[in-house]
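Each reported figure results from applying straightforward, stated rules to the coordinates on display, with no laboratory input. Bear in mind the structure is a predicted one, so any value in this text is a computation, not a measurement. So basically every Cβ, Gly included, is an ideal-geometry build from the backbone, and we count neighbours across all protein chains shown.
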Amino acid sequence: MLKVTVFKDERTLARALATQIAATLNETPDLVLGLPTGRTPVRLYHDLGTLHADLSRATTFNLDEFLGIGPDHPGSYRAFMAHHLFSRVNIAPERIHVLNGAAPDPEGECGRYERAVAGAGGIGLQLLGIGTNGHIGFNEPARELAARTHRVVLKESTRRSNAALFGGDLSLVPREGLSMGMATILQARRIVLMATGKSKARSVELAVRGPITTKLPASFLQLHPAVELMLDEAAAGLLGEHATF
Ligand code: PGA
């Protein structure tokens, strides 16, 4: 069942989720978190720092990474995470997992990542953003979706929305990425998808109400027993009055 909670703005949403995650970490210190990048989770990550959320025993797995650049590249998602979250909280570096976009054998890297997720006991709480086209991670709308961590050719729109990480120069944005697959994501015990802003309203509406289709990867969340969508009013703008779907 998809639970939908609407907040008056992005700030309130981020604070509520950060508070909830900090409380979950108190109860379950060895929580395994799945983490997104992008504009949406930035405030949440900063709030986890401000609230001194205790990640000392937690493990994290990021959803995706660009292919062809290493973890030290300033445009990498690894660098994004270091800047916005890992440098602000007490997580142990050895329990941080981000796909290595510079791995000499990308397919082997994907297999290694799947085994690491399984070895950690699976994802306990998966946080997600959503693309304006309904993508989750780098699982883009397509005729088929991959179940497991895989190599992907990035859509032009995805490259464009990441250009800021590369000084605004689209030509510098990698053309491929590595991403957790749909099954990797859907096997998380709990999923929270965050969406803010009017540009997400349509993909949120389709994810909640539309048919389950590979053309909108987030629609597969309807199959999961424990998903919450945390939205600001703008992103919830096409859902009407109902809080639960
Ligand atoms: P955004 O990206 O948070 O930058 O909007 C979300 C996504 O594309 O998954």
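List nothing, just return the count: lysine pairs in the chain, 8 or more apart or interchain, with Cα separation under 21 Å.
Qualifying lysine pairs in the chain: 8.
Stick to the Cα atoms of segment 174-231, pair each with every other, and give me the Kirkwood hydrodynamic radius in Å at one decimal.
12.4
Could you give each residue of segment 140-151 its phi-based ³J(HN,Hα) in whole Hz, using Karplus coefficients 6.51, -1.76, 1.60 with θ = phi - 60°, and x for Gly or Pro?
My calculation for segment 140-151 gives 8, x, 6, 6, 9, 10, 8, 6, 10, 4, 8, 8 Hz in order.
DSSP loop (so not H, G, I, E, B), at most 16 other Cβ within 10 Å: list which GluC sites (Glu not before Pro) in segment 72-164 pass both filters.
GLU144
What does the helix-only formula give at 222 nm for the chain: each DSSP H stretch with n ≥ 4 adding -39500 (n - 2.57), the total divided by the residues, and the result rounded to the nearest 500 deg cm²/dmol?
-7500 deg cm²/dmol
In sequence order, what are the phi-derived ³J(HN,Hα) couplings for segment 25-37 according to the Karplus relation 6.51 cos²θ - 1.76 cosθ + 1.60 with θ = phi - 60°, rounded to whole Hz, with x for glycine and proline?
5, 5, 7, 10, x, 9, 4, 9, 9, x, 10, x, 10
Provide the gained length on full extension for the span HIS83 to ARG148, in nm with one decimal, where the gain is 0.36 nm per separating residue minus the Cα-Cα distance.
Residue separation times 0.36 nm, minus the Cα-Cα distance, leaves 20.6 nm.
Between GLN20 and ARG160, with labels modelled 7 Å along Cα→Cβ, what's the label distance in nm to one decimal, could you check?
Between GLN20 and ARG160, the label points sit 3.2 nm apart.
Cβ under 11 Å from ARG57's Cβ, ARG57 left aside: what net charge do those residues give with Lys, Arg +1 and Asp, Glu -1?
Spelling it out: positives minus negatives among the neighbours equals -1.
Sorted from largest down, give the three principal axis spans of the alpha carbons of the chain, whole angstrom values.
50, 41, 34 Å, listed from the longest principal axis down.
Could you give me the ³J(HN,Hα) list for segment 155-171, computed from phi with Karplus coefficients 6.51, -1.76, 1.60 and θ = phi - 60°, whole Hz, x at Gly and Pro?
These are the phi-based 3J(HN,Hα) values: 6, 3, 5, 5, 5, 5, 6, 9, 4, 4, 5, 10, x, x, 9, 4, 5 Hz.
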